[in-house]
Amino acid sequence: MSAHPQPLGHMSLGVRDYTVSKAFYTAVLAPIGLRLVYDSEAEAPSPKGTTRTLGYGPDENRELLNIFEFKKASPPGAGFHVAFNAPTRESVIEFHAKALEFGGKNNGAPGVRKHYGDNYFAAFVICPDGWRLEAVCKTKKEEGVN
């Protein structure tokens, strides 16, 4: 039996504020090729007691990140983060800029992390709910980009 070519189906994060998180993740994930593909509020408001949910992926058939609103949500502590593959170094820079624009905190400016490899170009942020996020591009340096 062989392994599935993409063994990770999706990841789910709990957030406290659906509206803030929708704005943040929609802006931050766009530069790396992920878009909002599911919104539980798109058709009609969720019935009382129902968890509002967002889904992000390259398309509707490959939802990779789910965001669930829970008023008491909290991320795990130090040592845990979610890393997203970015197609270019420029997209890593844009990911970082959008995160700061939409309420995230800098946790490592865009740049090469030589201790991970000569082509490990990454940026680290903390979302408004405290989740640690990374965008990383492992391709060689592009013309005109750090």
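What follows draws every value from the coordinates through simple rules; no lab data is involved. Remember, it's a predicted structure, so these values are computed and weren't measured experimentally. Neighbour counts are summed over all protein chains in view; Cβ atoms, including those assigned to glycine, are modelled from backbone coordinates with ideal geometry.
At-a-glance table
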quantity: In region 1-30, the residues that are of a type in the set (Gly, Ala, Ser), farther than 24 Å from Ala122 by Cβ and crowded, with 17+ Cβ neighbours inside 10 Å; calculated: Gly14
quantity: Residue identified as in contact with a helix residue (DSSP H, G or I) (Cβ under 6 Å, 6 or more places away or on another chain) and over 15 Å from Tyr25 (Cα atoms) among Pro110, Pro75; calculated: Pro110
quantity: Test: residue in region 92-111 that is more than 20 Å from Val20 (Cα to Cα), touching a strand residue (DSSP E or B) at 6+ places or on another chain (Cβ under 6 Å) and surrounded by fewer than 18 Cβ atoms within 10 Å (Cβ to Cβ); calculated: yes
quantity: Region 14-30: number of residues that are over 10 Å from the mean Cα position of the chain (by Cα), closer than 23 Å to Pro87 by Cα and not small (Gly, Ala, Ser); calculated: 1
quantity: Candidate set from region 31-52 (those that are of a type in the set (D, E, K, R) and either in contact (Cβ under 8 Å) with a residue 60 or more places away in the chain or in a loop (DSSP other than H, G, I, E, B) (or both)); member that is surrounded by the fewest Cβ atoms within 10 Å (Cβ to Cβ); calculated: Lys48
quantity: Hey, Glu60 charged (D, E, K, R), surrounded by fewer than 16 Cβ atoms within 10 Å (Cβ to Cβ) and touching a strand residue (DSSP E or B) at 6+ places or on another chain (Cβ under 8 Å) or not; calculated: yes
quantity: Tally, over region 109-134, of residues that are without any contact (Cβ under 8 Å) to a residue 24 or more places away in the chain and within 21 Å of Leu13 (Cα to Cα); calculated: 1
